[in-house]
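Notes follow once the structure below has been shown.
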Amino acid sequence: METFQSDLSNKEFPIADKISAKTIRHSIFKLIQKDKPQFSRDSYLSRSEVSLYREKYISEYLIKEIGELTELEKRVLASLINNTTLSDKIEVEEPQILTAGQKIADKVASFGGSWTFIISFGVFIFIWISVNVFWLTHKSFDPYPFILLNLILSCLAALQAPVIMMSQNRQEEKDRQRAKKDYMINLKSELEIRTLHEKIDHFIIYQQQELLEIQKVQVEMMTDILSQINKNATGY
């Protein structure tokens, strides 16, 4: 297999991976020159080396825009470098082992926020008031203004509120985890699009250079043909 020596790392690579430095975007070229000042536009490197510097450029872009990379950004960058997907790793939620208190909190929050609770509690209050006002007029256990009922309602609200908040706090934690996963996927999508633009720009530049070379060859061929025609016409 035919190979060439990279001017960047002095390693041998297949000739099919040979890329001219003239086709590299200016931003990537400047980044390479930071590490290798002797690298010029007349140099050659491999496709894998260009990809490595594209990823390095994206990493520096993230640090400049966001600041110090968090664990999420590092995971996204590693996924981008290793050419792996994120969705198959982060969409599957690990099953949580709930304590007895957490299970009770979830059930209380689920029941307390339903029409079943509202209707049943309304019926209970109606029966309580009816019994004390109409059926036990002179011997009611909780006469108007229903102090015992108010005490029961206050105690119920005092106990129900923190239990529901416990369940809501766990739900908020789940929402935060989902938001982190969405952020990672969106960030990787943005970086993939940026990398795709780099590759397309490189392909366009490379194609234009190839077309220019073909045009030069065609012009040389036309020049030779015209010279041959002129020789035949003049007899020399």
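The values are calculated or read from the model by the stated rules, or taken from the named source; none is laboratory data. All values derive from a computational prediction rather than experimental measurement. Counting neighbours? That spans all protein chains shown, and the Cβs are built from the backbone with ideal geometry, glycine included. The accessibility values were calculated without ligands, DNA or RNA, using every heavy atom of the protein model including side chains. Shrake-Rupley method; radii C 1.70, N 1.55, O 1.52, S 1.80 Å.
Here are the numbers for this structure:
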read-out: Residue selected from the range 16-34 under the condition open to solvent by less than 70 Å² (accessible area, probe 1.4 Å) and at pLDDT 85 or above, by the criterion farthest from residue 207 (Cα to Cα); value: 33
read-out: Residue list for the range 96-149, filter: of a type in the set (Asp, Glu), without any contact (Cβ under 8 Å) to a residue 60 or more places away in the chain and closer than 30 Å to residue 177 by Cα; value: none
read-out: Among the residues listed as 226, 191, 211, the single one being surrounded by fewer than 11 Cβ atoms within 10 Å (Cβ to Cβ), modelled with pLDDT under 75 and in a helix (DSSP H, G or I); value: 211
read-out: Number of the exception - residue 79 against (1) small (Gly, Ala, Ser); (2) closer than 30 Å to residue 19 by Cα; (3) modelled with pLDDT of 80 or more; value: (3)
read-out: Condition met for residue 110 (in a helix (DSSP H, G or I), open to solvent by less than 100 Å² (accessible area, probe 1.4 Å), at pLDDT 85 or above and of a type in the set (S, T, N, Q)); value: no
read-out: Close pairs from the range 177-193: first touching a residue at least 40 places away in the same chain (Cβ under 8 Å) and basic (Lys, Arg), partner open to solvent by less than 90 Å² (accessible area, probe 1.4 Å) and in a helix (DSSP H, G or I), Cβ under 7 Å, at least 6 apart; value: 180/72; 181/90; 188/76; 188/79; 188/80
read-out: Test: residue in the range 8-28 that is assigned to a strand (DSSP E or B) and charged (D, E, K, R); value: yes
read-out: Members of the range 135-184 that are open to solvent by less than 90 Å² (accessible area, probe 1.4 Å) and among the polar types (S, T, N, Q); value: 137, 140, 150, 154, 160, 167, 169, 171, 177
